[in-house]
1. Here are the criteria: (1) touching a residue at least 12 places away in the same chain (Cβ under 8 Å); (2) under 22 Å from Arg149 (Cα atoms); (3) out of contact with any His (no Cβ under 8 Å at 6 or more places or on another chain). Tell me which single one Thr307 does not satisfy.
2. Give just the number: which of (1) within 20 Å of Phe122 (Cβ to Cβ); (2) in a loop (DSSP other than H, G, I, E, B); (3) within 10 Å of the ligand (Cβ to nearest atom) does Ser238 not satisfy?
3. Just checking, how many residues over the stretch 53-103 are among the charged types (D, E, K, R) and surrounded by 22 or more Cβ atoms within 10 Å (Cβ to Cβ)?
4. Test of understanding: among Ala318, Ala331, which residue is in contact with a Gly (Cβ under 6 Å, 6 or more places away or on another chain), among the small types (Gly, Ala, Ser) and not assigned by TED's automatic domain parsing to the domain that holds Ala55?
5. Within the stretch 241-259, count every residue that is open to solvent by less than 10 Å² (accessible area, probe 1.4 Å), outside any strand (DSSP E or B) and within 9 Å of the ligand (Cβ to nearest atom).
6. Looking at Leu27, Leu69 in this structure, which one is away from the ligand (no atom under 16 Å from the Cβ) and farther than 28 Å from Ser253 by Cα?
7. Within the bounds of the stretch 109-128, is there any residue that is hydroxyl-bearing (Ser, Thr, Tyr) and over 20 Å from Asp368 (Cα atoms)?
8. Quick one: which residue in Leu312, Leu348 is in contact with a helix residue (DSSP H, G or I) (Cβ under 6 Å, 6 or more places away or on another chain), in contact (Cβ under 8 Å) with a residue 40 or more places away in the chain and open to solvent by 10 Å² or more (accessible area, probe 1.4 Å)?
Amino acid sequence: MSIPFSTFASSIRVETAFSVLAVAKLLKSEGKDVVELEIGDSPFSTPAVAVDAAARAIREGQTRYGPSLGMPEYRAAAARYVNREYGLNVAAENVIAGQGAKIFEQLFCEAFLNPGDGVLVFSPHFPTYPPNIERRGARVVLSRLEAAREFRPDPAEVRRFIDRDPSPRAIFLNSPHNPTGGVATLDDFRAIADAVRDTEVVILSDEPYDRMVWKGRHHSPLEVPGMMERTVAAYTFSKSFSMSGWRLGFAVSDARIIDMMGKLTNTTLSCVPPFVQMAGIAALDNASDERDRTMQEFKRKVELLVTALGRLDGITCAMPVGSFYVFPSVAGVCNRLGITSHGLAMYLLEGADEKRGVACLGGECFGDAGAGFLRLSCAEPDERLTQAVDFIADAVTRGDRVKKYLAAHPEYRLAAGYPAS
Ligand SMILES: Cc1ncc(COP(=O)(O)O)c(C=O)c1O
């Protein structure tokens, strides 16, 4: 007997990066040489000060439950960090610890959304936003990010959402943006703040790439006066400190909102392991030089990949303003080969060659607005990045193999061509 799952669970769409990662690992275990550019992870090591602090904390017995809001010293260290880096003026009571940044999508939705509420999401978008919104029975309202605006959120779209939606309740912002690399300016946030003033609209500002801005500097909507009471900003150690497996992050907001998120944490994950928080304090307080060096390495890798991809016929690749993703338009290649962009990604991994492959994602893994693009991360050594581009250059000329792949995977046939970009 097959007992049915809930309607929500039955309709869930997961983060494709993890599904492609599973295929890549399987192929590798079978002996294939795969350059893995599918997942947004770091090839660098966690700072030694963080590893040492965690080991010390474990030896000293910090291995039990802790407060749901986080350890007081962790919350204070995170408050110091955002004050120092972004000129905020927050205290420990404005911070909650979390398992990375992703958990705050769920906690934010639980804190604010009721069934039927409208949530504005700029698209392409991080794939776990819709499931977390839908988990509460709320409605995703998509607004397309335009390359012409360097993929920055358009405040006019916020005004339109507030004026026209029957129940406008929340906005998801993500700057620097995954997958496009767009970075919102302080003026963008000021204009968005003007639009939401005098409403009950709240904002989740997802900021995992806050240290990866390659032109100008990172801004948070929290910098705009009056936004703290309606904004939850989420940060993580995954990207800046190469600590994705530690599952550590924090959110900053008004103390009342933070307390509510603490109650919600209490009823689900209980707390973040105290020794993990000790590693985080050490990273925040004592690894900023190492972090900044790592960020420069990422920038160099992004430039390398952008320059190499830009030389390929049918591919247009702009330098992202932030993040460690490269988001080339492959519309020309896809239209010529009659394959969707995610089909192209899967062909590069599975179909182009028996012995070698490149793992990356089609832009449609981030919503229809991403179709016609690929997303590649820079999580491999330089020579592997160059190898990946050489491999792509050759693979897209092999029409016979593409035909064979499409015959086996008709779901990747391109029905109507992508607009040229
Ligand atoms: C936009 C965005 N939000 C959230 C996350 C999740 O971050 P973490 O793994 O630290 O929870 C990611 C990770 O790739 C991301 O790109």
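1. Thr307 satisfies every listed condition except (1).
2. Answer for Ser238: the failing condition is (1).
3. To start, the set of residues in the stretch 53-103 that are among the charged types (D, E, K, R) comprises 56, 59-60, 64, 73, 75, 80, 84-85, 93, 102.
Those still in the list that are surrounded by 22 or more Cβ atoms within 10 Å (Cβ to Cβ) too: 75.
Of the residues in that region, 1 qualify.
4. From the options Ala318, Ala331, the qualifying one is Ala331.
5. Residues that pass the stated criteria total 2.
6. Working: Leu69 fails: farther than 28 Å from Ser253 by Cα.
After ruling out the rest, the residue left standing is Leu27.
7. Within the stretch 109-128, the subset hydroxyl-bearing (Ser, Thr, Tyr) is 123, 128.
Filter again for over 20 Å from Asp368 (Cα atoms), leaving none.
No - not one qualifying residue is present in the stretch 109-128.
8. Working: Leu348 fails: open to solvent by 10 Å² or more (accessible area, probe 1.4 Å).
Being in contact with a helix residue (DSSP H, G or I) (Cβ under 6 Å, 6 or more places away or on another chain), in contact (Cβ under 8 Å) with a residue 40 or more places away in the chain and open to solvent by 10 Å² or more (accessible area, probe 1.4 Å) holds for just one of Leu312, Leu348, which is Leu312.
The values are calculated or read from the model by the stated rules, or taken from the named source; none is laboratory data. Just so we're clear, the structure is a prediction, and the values are computed from it rather than from any experiment. Here the Cβ is made from the backbone with ideal geometry for all residues, glycine too, and neighbour counts use every protein chain on show. Accessible surface is based on the protein model in full, side chains and every heavy atom, while ligands, DNA and RNA are left aside. Shrake-Rupley method; radii C 1.70, N 1.55, O 1.52, S 1.80 Å.
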